[in-house]
1. Taking the Cα centre of the chain as the origin and placing charges on Cβ (Lys, Arg +1; Asp, Glu -1), which of 143, 37, 159 is farthest toward the positive end of the dipole?
2. Can you send over the carbon and sulfur percentage of the accessible area for the chain, probe radius 1.4 Å, protein chains only?
3. I need the GluC sites (Glu not before Pro) found in segment 1-50, filtered to DSSP loop residues with at most 15 other beta carbons within 10 Å of theirs.
4. Classify the chain: rounded, prolate or oblate, from the alpha-carbon gyration tensor (a ≥ b ≥ c, eigenvalue square roots; a/c under 1.5 rounded; otherwise prolate if a/b is larger than b/c)?
5. Give me the dipole magnitude in Debye, nearest 20, for segment 57-145 about the Cα centre, with unit charges on the beta carbon: positive for Lys and Arg, negative for Asp and Glu.
6. Reachable lysines from residue 156, Cα under 30 Å, same-chain residues fewer than 8 places away excluded?
7. Compute the distance from the alpha-carbon center of segment 1-41 to that of segment 106-162, in whole Å.
8. How large is log10 I(q)/I(0) at q = 0.16, 0.18, 0.22, 0.24 Å⁻¹ when the Debye formula is applied to the Cα atoms of segment 46-133, each weighted equally and without solvent?
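The values are calculated or read from the model by the stated rules, or taken from the named source; none is laboratory data. For clarity, every value in this text was computed on a predicted model and none was experimentally measured. Here the Cβ positions follow ideal geometry from the backbone for every residue, glycine too, while neighbour counts run over all protein chains shown. When the accessible area is computed, the model is the full protein with side chains, heavy atoms only, and any ligands, DNA or RNA have been set aside. Shrake-Rupley method; radii C 1.70, N 1.55, O 1.52, S 1.80 Å.
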Amino acid sequence: MNSVAVFCGSSEGYDENIINEAISLGHLLAEREINLVYGAARIGLMGHIARTVLEKGGTVIGIIPEFLQKKEIVNSEITELIVTKSMHDRKIIMYERSEGFLIIPGGFGTMDEFFEITTWSQLGLHSKPIGILNIRGFYDHLLKQFEHMVKTGFLKSENHSAIIVDTDSKRLLQRMKEYTPEPIPKWLQKEGL
């Protein structure tokens, strides 16, 4: 895996441990020469990861829609900046430039990115690994909701198990690297998707 999109908060949150884990993830990406693809902000967890990757000599590709350039304070130090017309265009380019997707703590924007890319996987539109770094139990409630969705018949167990979850960034990246996607369902093959 040569590039990974990291979906995370443009805020830091209140837990110093989460910030430290984001910084550690930045170190790890740079050490493993994995390009960071992210939302281009200089602030929040996004900023911490990007700064760390850059400080360690790694490559950072930032993608941001025009209207967010001032709100999220674009990081002008990054390796490559791509400005898009819309949020949807941003997500498409993040998808195209990434070989995997990694979710760490964030808010609604992070959830939006996670759910869209996971839905694309469920529909067979991509077979790239999706990982959740569950720092300090941040996603425990969401993961329980996924289990409930499987139990009540609203989420197929194979779609649930396709999401790789770990509390350790090294292990998670390794598991993502070793990920083997499920075959595309026959009904999607017939549709030519």
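1. Highest projection toward the positive end goes to 159.
2. Its accessible area is 51 percent carbon and sulfur atoms.
3. Listed in order of number, the matching sites are 33.
4. prolate
5. Numbers: 9 positive and 11 negative charges, 33 e Å.
The calculation lands at about 160 debye.
6. Filter leaves 91, 128, 144, 170, 177, 186, 190.
7. Value for the Cα centre distance between the two parts: 19 Å.
8. -0.70, -0.89, -1.31, -1.47
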